[in-house]
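Below is one structure, written out as structure tokens; the observations come after it.
Read the figures in this text as sums done on the coordinates, not as results from a lab. If you're wondering where the values come from, they're calculated on a predicted model, not measured in any experiment. Neighbour counts run over all protein chains shown; Cβ positions are idealised from the backbone, glycine included.
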Amino acid sequence: MATREVEDIFADILDRVKTLDPANARKWFEKLTVLHLDGGSLGIGCPDEATVQFLRDNCKSNFTCAAQQITGHLVSVDFNVGTGEKSPRSWPGLKLHPDYTFDNFVVGPSNRLAHASCVAVSHSPGNTYNPLFIYGSSGLGKTHLLQAVCFEAQRKSDGEVIRFLSCEDFVNRFIRAIEQGNLAGFQSQFRTVDTLVIDDVQFLREREQSQEEFFHTFNVLYNNSKQIILSADSPPGKIPSLEERLISRFNWGLVTRIDPPSYETRVAIVQKKAHLRGLSISDEIAGYIARKVHANIRELEGALTTIYAVATTTGEAIDLELAQSALEGQLKPSARHISITDIIEVVTGHFDVRLADLQSKKRSQSITEPRQICMYLARNLTKHSLEEIGGHLGGRDHTTVIHACNKIGQAKTSDPQMHAVLSELTQQITQTPQA
Ligand code: ADP
Ligand code: MG
């Protein structure tokens with residue numbers, strides 16, 4: 001039997017395929033089961049050879065598309081006669097993302113050490129760094145690296161048992177084992193493995209009994225030279241209310257940090273993720289996304305997904321314009337620093353006026369309006385004071401700026417045209433690539 005989780009994912013994929021291809025749904029999709037979903041491949045079990053042939057010939061691309069949408073990963077699909085019952089029993093909870101391999105991990109200065117230590121451990125588990133402890137903020141690739149070690153270790157495995165699970169999962173299993181009076185079963189699941197990988201151990205905080213259990217598991221494995229790999233959002237000593245004896249053990253091996261990626265690494269990651277989805281993306285667009293999203297690779301990927309989704313639904317090619325409009329509203333304006341000069345540049349361009357005019361004493365409508373709009377936008381998009389804003393626009397005092405902000409603010413609510421102009425300008429200003 002496939003695990004509950006895989007079955008749930010497959011049910012979602014089937015639902016998606018049914019919406020993509022309603023005509024074939026009734027006749028062909030009802031009796032399908034999942035054979036496996038791992039290592040980037042989805043095996044689908046069909047009742048007979050005719051179904052296999054029909055689905056291979058007519059439905060493969062819809063299944064592939066649905067599988068990618070649901071899992072968020074590149075998945076290749078194949079059909080075979082069979083039911084999920086025949087698939088080898090996988091350890092419940094072992095869930096490796098098909099994309100989380102070393103091949104798909106972009107190495108840069110921010111993660112070089114963490115990557116190298118994971119590779120080293122995957123070559124010879126138990127003999128290099130033990131335990132290996134990787135920490136860093138959310139979305140920087142900890143889970144990816146941990147799973148890459150599992151993939152690699154599994155590939156080389158000669159029957160060795162590798163367990164990967166989130167710390168939350170560990171804690172929940174422990175609690176269930178206690179409830180069911182099956183602590184021995186729980187313990188043997190973890191104390192007999194060759195490699196134990198536990199993700200997000202900060203989850204142990206304030207869970208005293210789980211910490212105690214984990215401590216003993218750790219000791220048994222360590223004393224038998226079994227590999228232990230852990231990740232957390234902070235270094236061992238900074239995890240609140242973690243027992244001293246655990247902190248010290250976590251520090252026995254190698255502790256490495258992952259930092260936020262540099263611009264160049266972000267560009268390479270965007271390219272890599274696009275490539276995985278079979279997209280080719282220009283350097284210009286990769287650079288655009290990398291400039292928009294700084295601190296979190298998950299968000300970087302999210303931006304790409306959004307762009308891809310818009311391109312798929314509109315059927316348009318991915319160009320800079322599409323990328324910009326797809327990400328509109330997705331990203332906080334604070335993601336980049338906006339200066340008054342940026343604002344003035346966009347506004348003078350839009351209204352075809354000169355900066356000198358905005359700074360002059362001229363009071364014709366064609367000049368005052370753009371001038372007031374500059375003040376309004378500067379007030380809303382920058383942290384400059386009223387005085388500073390007035391200073392940039394011909395040395396006007398703060399009451400003039402307040403007046404302008406009120407006037408434009410009111411016009412924005414009462415006049416749809418003004419509303420549209422302001423949105424358009426704001427979009428242009430917040431999306432101008434940073435120099
Ligand atoms: P964490 O566990 O640290 O919160 P994840 O490992 O879940 O972060 O990474 C978030 C996303 O970013 C994943 O899709 C992962 O594949 C991707 N990612 C992170 N670092 C890299 C990298 N160096 N190269 C390619 N993808 C990466
Ligand atoms: Mg993670």
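A few remarks follow.
- Label-to-label distance, Lys18 versus Asn182, with points set 7 angstrom from Cα along the beta-carbon direction: 3.2 nm.
- Length gained when the stretch Leu279-Arg245 is fully extended (0.36 nm per residue, less Cα-Cα span): 7.4 nm
- Taking only Cα atoms of the chain, radius of gyration then Dmax in Å: 27.9, 85
- For the chain, the longest principal axis of the alpha carbon atoms and the long axis of helix 297-314 meet at an angle near 70°.
- Directionally averaged projected area (region 340-431, Cα convex hull): 5.1 nm².
- Mean residue ellipticity, 222 nm, helices only, the chain: the sum of -39500 (n - 2.57) across DSSP H runs of n ≥ 4, divided by residue count and rounded to 500, is -17500 deg cm²/dmol.
- Whole-angstrom gap from region 156-211 to region 332-388, using each part's C-alpha centre: 59 Å
- Average projection, convex hull of the Cα set of region 3-81: 4.5 square nanometres.
- Reach of Lys156 by Cα under 19 Å, taken over aspartates and glutamates that are not fewer than 8 positions away in the same chain: Asp38, Asp99, Asp103, Asp194
- Within the same chain, lysines fewer than 8 places from Lys60 are excluded, and of the rest, those with a Cα less than 19 Å from its Cα are Lys18, Lys27, Lys31.
- For region 144-185, convex hull of alpha carbons as volume per residue, Å³: 64 Å³
- Remark on region 263-327: Rg and Dmax equal 10.5, 31 Å (Cα only).
- FRET efficiency for the pair Ser124 and Glu7, taken as 1/(1 + (r/R0)^6) with r the Cβ-Cβ distance and R0 = 35 Å, rounds to 0.45.
- Counting 0.36 nm for each residue step from Asn172 to Lys31 and taking away their Cα separation leaves a gain of 47.4 nm.
- For His294 and Phe54, a Förster radius of 51 Å and the Cβ-Cβ distance give a FRET efficiency of 0.60, rounded to the nearest 0.05.
- Overall Cα dimensions of region 102-257 - principal axes, largest extent first, Å: 46, 37, 25
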